[in-house]
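Note sheet for the following structure.
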Amino acid sequence: AAEAGPGPLAGGAAGVVVDVSGKVRRPGIQRLPAGARVADALRAAGGLRPGADTVGLNRARLLVDGEQVLVGAPPAAAAAPSGGPAGASAPAGPIGLNTATLEQLDTLPGVGPVLAQHIVDYRTEHGGFRSVDELREVNGIGDRRFEDLQNAVRP
């Protein structure tokens with residue numbers, strides 16, 4: 001597995017470290033500059049292997065430090081479709097603040113459509129969430145609501 005060397009990016013610049021796995025030529029840890037997108041991570045991993053299924057993979061999405069980019073996973077594993085059965089609204093694990101849809105954010109405790117839109121607006125304006133603590137900066141999230149949300153979400 002090709003793995004970028006330890007330490008910061010050249011010149012000590014801030015960046016993101018992501019794990020690119022699945023159907024890429026050189027899976028492994030990739031160190032990329034801040035503002036890098038999924039397409040940049042795929043290039044850094046040597047590109048896609050022939051026959052790789054990219055349905056459900058948003059190559060234009062901004063990367064977040066510590067995330068995994070999985071190529072070739074079924075779309076259902078990557079994101080739950082909206083309009084599912086009524087009992088399927090409870091998430092199986094923490095919801096990703098940088099990838100969740102408005103509908104997924106709306107399922108969080110104390111979050112309705114307006115607050116869900118504030119979260120999406122914040123991530124768009126700031127290039128995503130670097131940590132869960134950043135959620136405190138979203139309009140409408142105070143200490144108490146943050147307390148309710150911090151274990152239900154991830155960056």
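FYI, it's all coordinate maths here, none of it is from the lab. Please read these numbers as outputs of a predicted model, since none were measured by experiment.
Amide H contacts of VAL24 (H built 1.01 Å from N, in plane; Pro and chain starts excluded): ARG49 sit under 5 Å, all sequence-distant by 5 or more or on other chains. Here the Karplus curve 6.51 cos²θ - 1.76 cosθ + 1.60, taken at θ = phi - 60°, turns the phi angles of region 96-108 into couplings of x, 4, 8, 10, 5, 7, 4, 5, 5, 5, 5, 7, 6 Hz, with x standing for Gly and Pro.
What percent does the relative contact order of region 106-148 come to when contacts are Cα pairs within less than 8 Å and at least six residues apart? Walk me through the numbers on the way to the answer.
Numbers: 23 pairs, mean separation 15.9, N = 43.
Reported as a whole number, the value is 37 percent.
Residue by residue, region 50-65 carries 3J(HN,Hα) couplings of x, x, 5, 8, 10, 4, x, 9, 8, 6, 8, 5, 5, 7, 10, 3 Hz when phi is fed to the Karplus relation 6.51 cos²θ - 1.76 cosθ + 1.60 (θ = phi - 60°); x denotes Gly or Pro.
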